[in-house]
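See structure below.
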């Protein structure tokens, strides 16, 4: 029987209350959202917080709000809500691609986007998704708020730049015209962590060349996006040859380690192949978005 | 700490340690042993209960997190001597063999049918994809849920008492 070590439990009533509780209890306090990463770690005694601050009553952090130039998502938004959102599907199909393969439907009923990002597991799918969409993390602390890029937010495996008394409250995704995005993951069985996964977001210029592109890989030791693979596509008409070259460069940049999910050469092969696939699909989706825009215009 | 919640329609209040998991609270404190305790790692789904109508894996929810919520366990599916159509469906279509996964399967099926009264096979399989059955190969479970979808009216079981 796996039972967490002893702790004191308190349920936050407001965002300010949660921050005050974090401030009061210091480094020994942890926030619990959906709890599907933290509680398993506590059951294995890999995490032993003295205080658990439950933010499940902060319904004000559970929202998906499309605005003209961005999509705002509250940190307590459940995976199931993201997966069911028509706005998310229309603006960022990569999120739907990823959510479909995160754990299983019942875990997705509890797990949250904010919890996933704060857990910062190196195999976390939404971290790659947020990286390639160039999302921003909105963080609140006792002294007010700050806005962090994903590079600034993520410091490494299981580590973020949140201070002990700060709370991730919102994630903002910039909306770009003529853009498409995609995510694909190879897993040993349904609901598992990725062996390798890839994500890409592409924005096209009016002449169909690549205006901006971001490529990210999950579970191969990389933080952030892969500039050397993106460079070959920028300013170019997207072609199968360029996808191949980007895949090759992404695989070279990756730093996989052999483990129970596979050897290094297999993971590098996946990084190459999955990068090509997500670039292809992201460009197809960007072209579809472009034709929709043209028809509407 | 003290927690209060509604379990199968009954208001209950108990004194617990904050570290008690919901599955153990339900089984050991409330003695509702229909909720099974399986893998302990939120993989197998036999511990699924409904929290405010939503299926959750109770091995990965603290009892404290259920404070103020409404919990439905498998014991709450039937009303009196009338089985839930999902329970009847598992009988009609042989949706269980050993029965270990059955409580979780039935609660997920109930939640699915509440949201989507006429799911197709793909939707049923997706809904139960976080739950493991080692007996049926899932085929009879899918048929059981379809039976329940086709028979939404609750039916009295003639002459049989449902054990309390």
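The values are calculated or read from the model by the stated rules, or taken from the named source; none is laboratory data. Because the structure is predicted, anything quoted here is derived from the model rather than measured. Don't worry about glycine lacking a Cβ; one is built from the backbone with ideal geometry, like all the others, and counts go over all protein chains shown.
Tabulated results
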{"item": "Residue within the range B:90-105 that is closer than 19 Å to residue B:47 by Cα, within 14 Å of chain A (Cβ to nearest Cβ), outside any helix (DSSP H, G or I) and modelled with pLDDT of 95 or more present", "result": "yes"}
{"item": "Entirely in the range B:1-69, the strands (runs of 3 or more DSSP E) that have 1 or more residues that are surrounded by 19 or more Cβ atoms within 10 Å (Cβ to Cβ) and more than 10 Å from every other protein chain (Cβ to nearest Cβ)", "result": "B:2-7, B:48-51"}
{"item": "Some residue of the range A:37-45 being within 30 Å of residue A:90 (Cβ to Cβ), touching a strand residue (DSSP E or B) at 6+ places or on another chain (Cβ under 7 Å), buried (at least 16 other Cβ atoms within 10 Å of the Cβ) and outside the structural domain of residue A:91 (by TED's automatic domain parsing)", "result": "no"}
{"item": "Meets criteria (within 14 Å of chain B (Cβ to nearest Cβ), on the phi < 0 side of the Ramachandran plot, assigned to a loop (DSSP other than H, G, I, E, B) and touching a strand residue (DSSP E or B) at 6+ places or on another chain (Cβ under 8 Å)) for residue A:189", "result": "no"}
{"item": "Restricting the range B:70-81 to residues that are outside any loop (DSSP other than H, G, I, E, B) and modelled with pLDDT of 95 or more, the residue that is nearest to the chain's Cα centre (by Cα)", "result": "B:74"}
{"item": "Residue A:52, sole failed condition from (1) within 14 Å of chain B (Cβ to nearest Cβ); (2) assigned to a loop (DSSP other than H, G, I, E, B)", "result": "(2)"}
{"item": "Options B:122, B:108; residue that is under 23 Å from residue B:59 (Cβ atoms), within 14 Å of chain A (Cβ to nearest Cβ) and outside any loop (DSSP other than H, G, I, E, B)", "result": "B:108"}
{"item": "Counted residues, the range A:1-31 - those being facing chain B (nearest Cβ under 9 Å) and in contact (Cβ under 8 Å) with a residue 60 or more places away in the chain", "result": "0"}
{"item": "Complete set of residues in the range A:13-29 that are surrounded by fewer than 16 Cβ atoms within 10 Å (Cβ to Cβ) and not in a helix (DSSP H, G or I)", "result": "A:13, A:14"}
{"item": "Extreme residue, farthest from residue B:36 (Cα to Cα), among residues of the range B:48-72 that are out of contact with any helix residue (DSSP H, G or I) (no Cβ under 6 Å at 6 or more places or on another chain) and in contact (Cβ under 8 Å) with a residue 60 or more places away in the chain", "result": "B:68"}
